[in-house]
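The values are calculated or read from the model by the stated rules, or taken from the named source; none is laboratory data. Since the model is a prediction, treat every value here as computed from it, not as a measurement. Here the Cβ is made from the backbone with ideal geometry for all residues, glycine too, and neighbour counts use every protein chain on show.
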Ligand SMILES: [Zn+2]
């Protein structure tokens, strides 16, 4: 006798996916190379593993979009828990979810709503996972709000590529939003520009996590945001904060200064207060929806070849009408992550090692924090371990000509990058 | 304020719209209604986030509105299980009490009739359609006014015509006598005001106009820099903004035409607030404004000591308040002249108008009739776009028009039935050719590729394309309802293959 089994009957695939199958059952003039209509491509779409990095505003949209596009094996990774301030824009979270892991709550909401889709959450850092983990996915989509995390993902995925093994080529689809502006892009490792190639297009992030503002301020900006975002509406619920009104700014300055003193933070000034207040860019749900859906559209096209993917970057701006600009972002020959040649740096031979490090720290295209430098023969300056740092510190004030030859290659490592950068130092 | 909206629909885009609209911060939307005559089918499960397998066979309007409202308990929701086409045909008065109507996937005669109803009743209508990897949206409003367009920055510093308090403040600085520290913290506005003043003294009150003049003007600023202070940040800022000093303060022509518009000039008790304030500003300009708009009163950030910067801000702001007070008085008189209470328009509204007076927008949308009637159609726009940029999306517009004709004729989308796949392509091609000829355009400008792709798509609603359009439309709806930011005028076509949007005024 057969054991009783509990099976949830799934809707008939042909009826459920009727609209998507119109594209997968028939060829068309705009299909990508390699498209073959029929059962195989549908089976492929329904079976591949896809990773969503981030379960915030973009991530929630992405999970829903992918699940309603026929992807059934979706993984999501996010290290955050749900904060009260997330509830109004991150639509998969309810008040009863506050404090729980975003990835887990988002996954179970989608699985409850859309049967047949499996979402595997991981509550933790992207850095917890190794190549073996990332290697299981066919496509990786990033919906992140931090430059750091994106750099890490980009470099990790691009480094995994082994030209003898085509399976290791993982397309990255990256989305980002800020207010009415957003972008989506496709990164095909070593074929298109990567995130690092375009690092100098990034402006400094201007938003801070609500929990930092509310509980753990570190910067003067955090104190100012606390005063403007939390204190102002509490004190003046009916009055709109005006960044051009000196009295409003003075009030904020006063509150922020008190808070800064309490936390021993310095640097809260009038002009900083005004700057922060006028630059508050709230996340807008519709921009998230547009960018996430654009990323998911590209995932659908890449997975099925039913139409050519975009080439390769779309910028979106929605405050004055509706505007997009789609263009091919160019690869950089000396990109530290995907480039073939080392970055060339010209310095005077009498410059010190410290001068060289300052020069590197100034470069917007590589954005280093605490670089360590070595040649193939020796360590020039190492940030860690401590003993090595102490041993190499005297080098900082030495002339470069005492330490390296003209044209010698120097390897730079930094905590903000999972890989090393090669630079060629030329004396002027 | 309670605002009713009607969202009539056949599918996903609607669901997306609704819930997006609630997410964006918005005081206006009090309630919304979903109108849909269909029952949930299995194909909805592959498109629509607001249905579940358990809801198959139930009223789609009911299921969607319930799951939708779960997202925001503060919005009142309702649904009507009737076919929108049937309501449009039999109960046009149904639409009268909505502030905005969104029509999703509605085409042909029902759409034209709905557009007429909304146009006559002065109700904004937003049309949205998804067709495979393509999306379309069109906004129709008789007149849409925007005070807060949120430009990147509002700059009006009056270098060429400083008002008394500003002139006095600049005169209070004697650059030669300041110690180095104070000299390096003189706000650049003061540096420029002084430079303009001394230039005008030497040049019969004229501003530097030729290239040589301007170079000389900049040199006069450089000459005042001191070598003992590194950086000279305030002087660099003065040089970077020097063009503002020699550009005369004028009123942009688009703003002039708003102020002189007949709506502002002929005030009646029916005139909306926007036009009453516009008239007051117009009169202000001709009288106490001495040819200038009310001062916005904003001061950009700059290198300066806190005290002088705050004083500058206070000076500009005080003048802005004074200007706004003068406009307010004119508004009160205008209101009295038409028998309205002076409290009808709050002071904050007048102040906001004055602050943004240089950045107002008035959009008069073309009606759907004007777009569809051959005599008034924008054939030239279509022709030029077809002949121009290959990245342009106008070919998809022509395709959507052709598909609409086929849909009306056969009551199904071309490509829906496998047995008619080839003949449907021929039918669509004929419709395209007819459209082009009717508009005096060469049919060969539309390649067969577009026809084949449209028949392949067969009117499918792919969730992600609907989501992109839903996001765009919800954003535009918020702009229309709040009168903030600048809405699209009037058509957007999104191509999900290239991933690019194009906007046309059709
Ligand atoms: Zn690169």
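Looking only at residues of region A:315-328 that are part of a loop (DSSP other than H, G, I, E, B) and out of contact with any helix residue (DSSP H, G or I) (no Cβ under 6 Å at 6 or more places or on another chain), we find that the one that is nearest to the ligand (Cβ to nearest atom) is A:328. For residue A:340, the stated conditions do not hold, so it cannot be described as more than 23 Å from residue A:156 (Cα to Cα), without any contact (Cβ under 8 Å) to a residue 40 or more places away in the chain, surrounded by fewer than 13 Cβ atoms within 10 Å (Cβ to Cβ) and more than 21 Å from the chain's Cα centre (by Cα). Surrounded by fewer than 19 Cβ atoms within 10 Å (Cβ to Cβ), at pLDDT 95 or above and either more than 16 Å from the ligand (Cβ to nearest atom) or away from chain B (no Cβ under 14 Å) (or both): is that true of residue A:122 in this structure? Against the criterion (surrounded by fewer than 19 Cβ atoms within 10 Å (Cβ to Cβ), at pLDDT 95 or above and either more than 16 Å from the ligand (Cβ to nearest atom) or away from chain B (no Cβ under 14 Å) (or both)), residue A:122 does not qualify. Residue check: is residue A:97 within 26 Å of residue B:474 (Cβ to Cβ) and without any contact (Cβ under 8 Å) to a residue 24 or more places away in the chain? In short, yes.
Residues that are over 14 Å from residue A:199 (Cα atoms), in a loop (DSSP other than H, G, I, E, B) and within 16 Å of the ligand (Cβ to nearest atom) within region A:334-390 comprise A:340, A:341, A:342, listed in sequence order.
Results for (1) in contact with a helix residue (DSSP H, G or I) (Cβ under 6 Å, 6 or more places away or on another chain); (2) outside any helix (DSSP H, G or I); (3) in contact (Cβ under 8 Å) with a residue 60 or more places away in the chain; (4) closer than 23 Å to residue B:411 by Cα, shown as yes or no for each residue.
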residue: B:54; (1), (2), (3), (4): no, no, no, no
residue: B:57; (1), (2), (3), (4): no, yes, no, yes
residue: B:67; (1), (2), (3), (4): no, no, no, no
residue: B:77; (1), (2), (3), (4): yes, yes, no, no
residue: B:86; (1), (2), (3), (4): no, no, no, yes
residue: B:89; (1), (2), (3), (4): no, no, no, yes
residue: B:93; (1), (2), (3), (4): no, no, no, no
residue: B:116; (1), (2), (3), (4): no, no, yes, yes
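May I ask you to verify whether residue B:446 is at the interface with chain A (Cβ under 10 Å from one of its Cβ atoms) and in contact with a helix residue (DSSP H, G or I) (Cβ under 9 Å, 6 or more places away or on another chain)? No: the conditions fail for residue B:446. With respect to (1) free of Cβ contacts under 8 Å to residues at least 40 places away in the same chain; (2) within 26 Å of residue B:470 (Cβ to Cβ), the lone exception for residue B:164 is condition (2). Taking region A:276-303 as the region of interest, how many residues are more than 25 Å from residue B:151 (Cβ to Cβ) and surrounded by fewer than 24 Cβ atoms within 10 Å (Cβ to Cβ)? Of the residues in that region, 2 qualify. The single condition among (1) over 30 Å from residue B:451 (Cα atoms); (2) within 12 Å of chain B (Cβ to nearest Cβ); (3) more than 18 Å from the chain's Cα centre (by Cα) that residue A:30 does not meet is (1).
Is region A:393-402 home to any residue that is closer than 19 Å to residue A:154 by Cβ and outside any loop (DSSP other than H, G, I, E, B)? No. Report yes if some residue within region A:254-274 is within 16 Å of the ligand (Cβ to nearest atom), in contact with a helix residue (DSSP H, G or I) (Cβ under 8 Å, 6 or more places away or on another chain), modelled with pLDDT of 90 or more and not assigned by TED's automatic domain parsing to the domain that holds residue A:38; otherwise report no. Looking through region A:254-274, none of the residues is within 16 Å of the ligand (Cβ to nearest atom), in contact with a helix residue (DSSP H, G or I) (Cβ under 8 Å, 6 or more places away or on another chain), modelled with pLDDT of 90 or more and not assigned by TED's automatic domain parsing to the domain that holds residue A:38.
Evaluated against (1) in contact (Cβ under 8 Å) with a residue 24 or more places away in the chain; (2) surrounded by fewer than 18 Cβ atoms within 10 Å (Cβ to Cβ); (3) more than 16 Å from the ligand (Cβ to nearest atom); (4) not assigned by TED's automatic domain parsing to the domain that holds residue A:189, residue A:394 falls short on exactly one condition, (1).
Rundown of residues vs (1) under 34 Å from the mean Cα position of the chain (by Cα); (2) modelled with pLDDT of 95 or more, yes/no style:
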{"site": "B:424", "(1), (2)": "no, yes"}
{"site": "B:429", "(1), (2)": "no, yes"}
{"site": "B:438", "(1), (2)": "yes, yes"}
{"site": "B:443", "(1), (2)": "yes, yes"}
{"site": "B:449", "(1), (2)": "yes, yes"}
{"site": "B:452", "(1), (2)": "no, yes"}
{"site": "B:467", "(1), (2)": "yes, no"}
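Select from region A:298-314 the residues that are assigned to a loop (DSSP other than H, G, I, E, B) and either over 25 Å from residue A:364 (Cβ atoms) or within 7 Å of chain B (Cβ to nearest Cβ) (or both) and list them in ascending order. Matches in region A:298-314: A:305, A:306, A:307, A:308, A:309, A:310, A:311.
Check every one of the strands (runs of 3 or more DSSP E) wholly within region B:121-223 and list those with 3 or more residues that are within 14 Å of chain A (Cβ to nearest Cβ), touching a strand residue (DSSP E or B) at 6+ places or on another chain (Cβ under 6 Å) and within 30 Å of residue B:487 (Cα to Cα).
Numbers: elements: B:125-131, B:134-140, B:144-146.
Where strands (runs of 3 or more DSSP E) fall fully within region B:121-223 and carry at least 3 residues being within 14 Å of chain A (Cβ to nearest Cβ), touching a strand residue (DSSP E or B) at 6+ places or on another chain (Cβ under 6 Å) and within 30 Å of residue B:487 (Cα to Cα), they are B:125-131, B:134-140.
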